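Reading through the structure tokens given below for one structure.
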Amino acid sequence: LSGLEGETLSWGSMPSKDVLVFVDIPYSAIGVESSYAMLEYVKAGGGVLFTGGEYSFGKGLYQYTILDRELLPVVCTANMDVRYAPEPLALEAGPDFGELKASVDWSANPKVWCWNEVALRPDAGVKVFLKAGNRPMLVGCQLGKGRVACLLANHRGRGEKDAPA
């Protein structure tokens, strides 16, 4: 975990943060102690965002850890979970997008080429905020007083007409 100042963020300092963001981070870099502390941090009202990538979720070895069992709104299903589309998939509002109360200009037609393939946790509280085709891309859930979200899009891929992927 790293703080805004580039210093290491210990599990003990989590409560002083509004949200923790993990960008393509493997479980080994988070660690057992921090994972259990993160679960308590969220239950007490904290927020966590995990993004997809080559070293998160499946290949990041989250499967069978406390993150996979109790924290994430998704369940890891395979170690090699990064998938690639032959053509870019349009990113669009999911069925629960309205709950975000966000205004989005979709005219840029955002697309994704790569994503982490996971299963949604079989819980009625899991929300799908963004999707690409039939694939969930941004999912979240309430856990205690806090929230957890997973952006399953991966940073790999080509952009179109000088636009980033």
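Listed values, structure above:
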{"read-out": "Positions within region 1-28 being at pLDDT below 75 and of a type in the set (A, V, I, L, M, F, W, C), in sequence order", "value": "Leu1, Leu4, Leu9, Trp11"}
{"read-out": "Candidates Phe22, Phe57, filtered to the one that is without any contact (Cβ under 8 Å) to a residue 60 or more places away in the chain, under 20 Å from Leu130 (Cβ atoms) and either open to solvent by 20 Å² or more (accessible area, probe 1.4 Å) or of a type in the set (Phe, Trp, Tyr) (or both)", "value": "Phe22"}
{"read-out": "Test: residue in region 51-73 that is touching a Leu at 6+ places or on another chain (Cβ under 9 Å) and of a type in the set (Asp, Glu)", "value": "yes"}
{"read-out": "Of all residues making up region 139-153, the number that are open to solvent by 20 Å² or more (accessible area, probe 1.4 Å), part of a strand (DSSP E or B), touching a residue at least 60 places away in the same chain (Cβ under 8 Å) and out of contact with any Leu (no Cβ under 8 Å at 6 or more places or on another chain)", "value": "2"}
{"read-out": "Residues of region 80-130 classified as outside any loop (DSSP other than H, G, I, E, B) and among the basic types (Lys, Arg), total", "value": "3"}
{"read-out": "Matching option when the condition is over 30 Å from Leu39 (Cβ atoms), more than 18 Å from the chain's Cα centre (by Cα) and at pLDDT below 90, among Trp106, Trp113", "value": "Trp106"}
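Conditions tested, residue by residue: (1) of a type in the set (D, E, K, R); (2) more than 14 Å from the chain's Cα centre (by Cα); (3) modelled with pLDDT under 90; (4) open to solvent by less than 60 Å² (accessible area, probe 1.4 Å).
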| site | (1), (2), (3), (4) |
| --- | --- |
| Met38 | no, yes, no, yes |
| Gly52 | no, no, yes, yes |
| Tyr64 | no, yes, no, no |
| Ala132 | no, yes, no, yes |
| Met137 | no, no, no, yes |
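The values are calculated or read from the model by the stated rules, or taken from the named source; none is laboratory data. All values derive from a computational prediction rather than experimental measurement. Neighbour counts run over all protein chains shown; Cβ positions are idealised from the backbone, glycine included. Side chains are part of the model used for accessible areas, which takes the heavy atoms of the whole protein and leaves out ligands, DNA and RNA. Shrake-Rupley method; radii C 1.70, N 1.55, O 1.52, S 1.80 Å.
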